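Scroll down for the structure; my scribbles are underneath it.
The values are calculated or read from the model by the stated rules, or taken from the named source; none is laboratory data. The structure presented is a predicted model; accordingly, all values stated were derived computationally and were not measured. For neighbour counting, all protein chains shown are included, and Cβ atoms are generated from backbone atoms with ideal geometry for every residue, glycine included.
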Amino acid sequence: MPGQISQPKSLCLLRLSALGDVCHAVALVQHIQRSFPDIKITWVIGKVEANLLADLPNVEFVIFDKRAGISGYTDLRDKMKGRKFDVLLHMQVALRASIASLCIPAKVKIGFDKKRAIEGQWLFTNQKVTAQQEPHVLEGFMAFAERLGIPTLNEALSSSVSGPSGLSIQPLWTMPIADDDISSTAKLVNSNKPIALLCPAASKPERNWHSEGYAKAADYLSSLGYYVVLSGSPTPVEVELAQQIEDKSQSTLLNLVGKTSLKQVLALIKSADMVLAPDTGAVHMAVAVGTPAIGLYAHSNPKRTGPYLYQQYVVNYYEASILQQQGKSSSELKWGIRAKGDNLMQQITIEDVIEKINAVRMHEYQIK
């Protein structure tokens, strides 16, 4: 592998989706900016994800519409005409992203190591990051900084969030939230109680916990003095799940599902005292703004995709699921393999969730 790259003056980052992954990528971008304060960064990103990161300091966003078909690539090519980047960080292995990379002129194109460069990503790059053993997604991203000669050891970064021991990296984020979004969400919530935010829906229905469990969790949180708020997008699945939770709960909940912008959701997460969510972007948004996140996992390995600084609050049925399906533990299988099935999340009990709620409360009490 070639040696480290000399300090670039211009850099293009290609990461189109998803919400949690772009939150991880923000940690990388801001780490690069601290080391190279004069660098010009352009980020090729998806439309929804750009809405979340709008106003990120000193970053130019170029939106790639993956739903536009051929015209999406043509539009990207036109936007890149006459430009030349010192480095492209090709940080998405999907084939559509690799095809998009052909529209981005750069002297050096860095991708994942060959083992992780699936879907032929390695064919579209001329340099690779160093191979890693069982990395979290965030650690995999930060390997791109190391390829630029920027250290990512704990000593190199500090964080106001107290994370679990044994982390490879202590990332530091500053997520952009406008004052208007903060004030508008404060008016919506309008409570002096501590806030427990439930973001109950994942992008895939099989990753969702059931409405009965969320309703019982909401009732328990209410009994502890929390103001329970439901949050999510306006998709029919999310709206229906939130309504079921509200109907089955014995407490008064504030249902904001489908009633806020993505930026307002981020503001809600930041103002909350804890977040409860399945394997979805909300847990990573919570990490990025320093709000303790309780993650509910059965399909994917939380050591790879869980809330990076809050692994101690994960309800983890992934290991049990993968052992039952494969007859081996996750450490004996290909890193990142998913467990399959429509009912895996039903293994999670209300007692599991209450245990993590109490753990968050105990930790927050100890640091006050």
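Just checking, which of 322, 337 is part of a loop (DSSP other than H, G, I, E, B), over 24 Å from residue 286 (Cβ atoms) and in contact with a Ser or Thr (Cβ under 8 Å, 6 or more places away or on another chain)?
337
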Practice task
Please work out if residue 5 is crowded, with 17+ Cβ neighbours inside 10 Å and not in a helix (DSSP H, G or I).
Solution key: no
Practice task
Please determine, by comparing only the residues of region 132-145 that are assigned to a loop (DSSP other than H, G, I, E, B) and under 19 Å from residue 94 (Cα atoms), which one is farthest from the chain's Cα centre (by Cα).
Solution key: 135
Exercise for the section: Take residue 17 and decide whether it is of a type in the set (Ser, Thr, Tyr) and under 19 Å from the mean Cα position of the chain (by Cα). Expected result: yes
Exercise for the section: Under 8 Å between Cβ atoms, at least 6 apart or on separate chains: pull out the pairs that start in region 12-24 with a residue that is part of a helix (DSSP H, G or I) and end on any residue that is at pLDDT 95 or above and basic (Lys, Arg). Expected result: 21/15; 22/15
Handout entry: Output for region 210-246, where each listed residue is buried (at least 24 other Cβ atoms within 10 Å of the Cβ), in contact with a strand residue (DSSP E or B) (Cβ under 8 Å, 6 or more places away or on another chain) and in a loop (DSSP other than H, G, I, E, B)
Key = 231
Exercise for the section: Name every residue in region 303-318 that is more than 20 Å from residue 26 (Cα to Cα) and out of contact with any helix residue (DSSP H, G or I) (no Cβ under 6 Å at 6 or more places or on another chain), in order of residue number. Expected result: 312, 318
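Condition check ((1) of a type outside the set (Lys, Arg); (2) at pLDDT 95 or above; (3) under 18 Å from the mean Cα position of the chain (by Cα)) across all residues:
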| site | (1), (2), (3) |
| --- | --- |
| 159 | yes, no, yes |
| 171 | yes, no, yes |
| 185 | yes, yes, no |
| 197 | yes, yes, yes |
| 201 | yes, yes, yes |
| 211 | yes, yes, no |
| 216 | no, yes, no |
Practice task
Scan region 260-285 residue by residue and report those that are charged (D, E, K, R) and either touching a Lys or Arg at 6+ places or on another chain (Cβ under 6 Å) or free of Cβ contacts under 8 Å to residues at least 12 places away in the same chain (or both).
Solution key: 279
Exercise for the section: Identify the single condition in (1) under 18 Å from residue 40 (Cα atoms); (2) modelled with pLDDT of 95 or more; (3) in contact with a helix residue (DSSP H, G or I) (Cβ under 8 Å, 6 or more places away or on another chain); (4) not basic (Lys, Arg) that residue 60 does not satisfy, given that it satisfies every other one. Expected result: (3)
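Quickly run through region 247-300 and pick out the residues that are in a strand (DSSP E or B) and in contact with a Cys (Cβ under 7 Å, 6 or more places away or on another chain).
As a first pass, look at region 247-300 and keep what is in a strand (DSSP E or B): 254-255, 274-278, 293-297.
Within region 247-300, 275, 277 qualify.
Might you let me know whether region 326-346 holds any residue that is more than 17 Å from the chain's Cα centre (by Cα), of a type in the set (Gly, Ala, Ser) and buried (at least 20 other Cβ atoms within 10 Å of the Cβ)? Explain how you work it out, then say what you get.
Keep residues of region 326-346 that are more than 17 Å from the chain's Cα centre (by Cα), which gives 326-335, 337-346.
Then keep just the ones that are of a type in the set (Gly, Ala, Ser); that gives 327, 329-331, 339, 341.
Checking which are buried (at least 20 other Cβ atoms within 10 Å of the Cβ) leaves us with 330, 339.
So far as region 326-346 goes, yes, one or more of its residues are more than 17 Å from the chain's Cα centre (by Cα), of a type in the set (Gly, Ala, Ser) and buried (at least 20 other Cβ atoms within 10 Å of the Cβ).
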Fill in the blank from the handout: Within region 35-68, the residues that are touching a residue at least 12 places away in the same chain (Cβ under 8 Å) and assigned to a helix (DSSP H, G or I) are 35, 47, 48, 49, 50, 51, 52, 53, 66
Practice task
Pull up region 115-131, narrow it to residues that are surrounded by 15 or more Cβ atoms within 10 Å (Cβ to Cβ) and either under 22 Å from the mean Cα position of the chain (by Cα) or outside the structural domain of residue 27 (by TED's automatic domain parsing) (or both), then point me to the one that is farthest from residue 43 (Cα to Cα).
Solution key: 116
Exercise for the section: Please determine, by comparing only the residues of region 252-275 that are of a type in the set (A, V, I, L, M) and farther than 14 Å from residue 194 by Cα, which one is surrounded by the most Cβ atoms within 10 Å (Cβ to Cβ). Expected result: 266
Fill in the blank from the handout: Selection from region 323-349 of residues hydrophobic (A, V, I, L, M, F, W, C) and farther than 18 Å from residue 137 by Cβ yields 323, 344, 345, 348
Fill in the blank from the handout: Of the residues in region 325-342 that are free of Cβ contacts under 8 Å to residues at least 12 places away in the same chain and not small (Gly, Ala, Ser), the one that is nearest to residue 117 (Cα to Cα) is 334
Exercise for the section: Would you confirm whether any residue within region 96-114 is within 21 Å of residue 178 (Cα to Cα), surrounded by fewer than 22 Cβ atoms within 10 Å (Cβ to Cβ), at pLDDT 95 or above and not hydrophobic (A, V, I, L, M, F, W, C)? Expected result: no
Handout entry: Condition check for residue 321: among the small types (Gly, Ala, Ser), on the phi < 0 side of the Ramachandran plot and at pLDDT below 95
Key = no
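Run down 19, 53 and say which single residue is assigned by TED's automatic domain parsing to the domain that holds residue 109 and either over 22 Å from residue 152 (Cβ atoms) or among the aromatic types (Phe, Trp, Tyr) (or both).
After ruling out the rest, the residue left standing is 19.
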